[in-house]
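Below is one structure, written out as structure tokens; the observations come after it.
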Amino acid sequence: MEKKSSRTKKQEQTLPPLENFETATAELEQIVTNMETGKMSLEEALSAYKRGVELLQYCQHVLKDSQQQIKILETNILKNFVTPEQDAS
């Protein structure tokens, strides 16, 4: 059992870091496609599932941060926005 654990840790260490949202979603889509074929061993499927969860959490975090930034931007823009008609009066 020890050999499998250390082998999995080595595989996880060689995974590329998450660069951006688009890269993460593309990798996640590839994982889903590969898993849907049903040709993965149990160990490969578990490893792919773990990576998929990591990618999903990363994407959700990026989306949440982006939504928060949009809310902040919209709040500031709506507060300070003056239409030309308001400016003329």
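Please list, ordered by first then second residue, the pairs with beta carbon atoms under 6 Å, 6 or more apart or interchain, first in segment 18-38 and surrounded by 10 or more Cβ atoms within 10 Å (Cβ to Cβ) and of a type outside the set (S, T, N, Q), second part of a loop (DSSP other than H, G, I, E, B) and at pLDDT 95 or above. Partner pairs satisfying both residue conditions: none exist. A single entry from Glu54, Glu43 fulfils the requirement of being over 25 Å from Asn20 (Cβ atoms), part of a helix (DSSP H, G or I) and either at pLDDT 95 or above or not basic (Lys, Arg) (or both): Glu43. When you go through Thr25, Thr37 one by one, which is the residue that is among the β-branched types (Val, Ile, Thr) and under 11 Å from the mean Cα position of the chain (by Cα)? Sole residue among the options that is among the β-branched types (Val, Ile, Thr) and under 11 Å from the mean Cα position of the chain (by Cα): Thr25. Under 8 Å between Cβ atoms, which residue pairs at least 6 apart in sequence (or on different chains) link something in segment 62-89 that is at pLDDT below 65 with a partner that is among the acidic types (Asp, Glu) and surrounded by 10 or more Cβ atoms within 10 Å (Cβ to Cβ)? Matching pairs, first to second residue: none at all. Among the residues of segment 19-34, at least one is part of a loop (DSSP other than H, G, I, E, B) and at pLDDT below 95.
The values are calculated or read from the model by the stated rules, or taken from the named source; none is laboratory data. If you're wondering where the values come from, they're calculated on a predicted model, not measured in any experiment. Backbone-built Cβ (ideal geometry, glycine too); neighbour counts: all protein chains shown.
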